[in-house]
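Novice: Take a look at this one; I'll ask things after.
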């Protein structure tokens with residue numbers, strides 16, 4: 001029986017004689033060239049045949065292939081791992097996307113304490129209400145309605161509590177995401193799927209019309225009923241004409257009741273009448289008196305009036321002044337008509 005499974009190379013004569021280290025090294029297996037070479041030992045076999053114990057019999061193993069340490073191999077391995085990670089099946093996202101501002105419904109089955117909605121303030125992210133609750137064999141079934149008001153991810157159980165304030169152990173999570181993209185053109189989609197109509201019973205339109213008519217009638221009654229009639233417009237008193245004023249002064253003169261104020265008024269009216277005859281209304285009073293005193297028609301009348309007013313001892317009598325006034329007590333229209341007849 002040989003000591004090795006593989007035959008050892010033949011040993012030269014020098015090796016058999018015991019001197020020839022070079023031959024001993026050359027007889028070593030090439031696979032052990034990278035390991036420390038141990039001196040060869042002679043082994044006595046059967047039949048007196050001497051064999052060498054080489055490094056292979058001492059436990060040396062063949063070297064690893066050089067391709068494993070190659071950089072290209074490492075890069076290829078990394079690419080394969082990356083592709084595997086990318087293609088690895090992921091868990092599906094179980095978060096529900098809901099549009100903003102639209103009421104959604106969720107059915108929650110819970111056997112714990114009675115659920116209630118947490119109090120919330122104006123501007124909360126999610127509005128929640130419990131529409132209905134039913135019981136079935138010890139389990140309460142809740143019809144929960146919610147409206148997402150802003151973008152974000154929410155859990156419905158964060159907005160629920162118990163009526164007695166106890167903990168809600170075992171309440172299932174219900175996550176949803178408010179998606180503003182789903183809210184675009186929402187009105188158009190609703191109009192496509194729903195009929196827009198408002199039906200109000202109880203004669204609503206007729207009631208509004210009747211109330212409106214009654215309100216208008218009450219308003220008109222309030223404005224016009226019992227309202228005092230406006231007084232008739234005041235007619236301005238007509239100013240007396242110069243002829244009328246002179247007739248009144250003439251009557252006082254004839255009756256002897258003409259006082260100093262009336263005399264002054266009589267003088268003023270006669271001077272005004274004479275200025276109108278001579279077209280001296282815009283002239284100064286001094287110039288008007290000078291023109292009246294030189295005119296043939298008015299000079300004698302002016303002299304008599306001044307003597308009667310300022311010289312009572314003069315010979316001018318009251319009848320003479322009445323004769324001066326009388327022609328001017330007739331209206332101009334009547335005097336023109338009398339002249340035409342004549």
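Novice: For the residues 218, 88, 122, what sequence is obtained by ranking on other C-beta atoms within 10 Å, fewest first?
Specialist: 122, 88, 218
Novice: Starting with the highest mean, order 263-275, 316-328 by the number of other Cβ atoms within 10 Å, averaged over the residues of each peptide.
Specialist: 263-275, 316-328
Novice: Then there's this: Given a Förster distance of 41 Å, report the FRET efficiency between residue 78 and residue 137 from their Cβ-Cβ distance, rounded to the nearest 0.05.
Specialist: Using R0 = 41 Å, I get an efficiency of 0.10.
Novice: Over region 200-261, what per residue volume does the convex hull of the Cα atoms give, in whole Å³?
Specialist: With only Cα atoms used, region 200-261 gives 153 Å³ per residue.
Novice: Let me ask another. Hey, with R₀ at 41 Å, roughly what FRET efficiency would residue 118 and residue 211 work out to, going by the Cβ-Cβ distance, to 0.05?
Specialist: 0.45
Novice: What nm distance separates the two modelled labels at residue 300 and residue 318, each placed 7 Å from Cα along Cα→Cβ?
Specialist: That separation, rounded to one decimal, is 2.4 nm.
Here, each number is a calculation from the coordinates, and none is a lab measurement. Everything numeric in this text was worked out from a predicted model, so none of it was measured. Here Cβ is always computed from backbone atoms with ideal geometry, including for glycine, and neighbour counts include all displayed protein chains.
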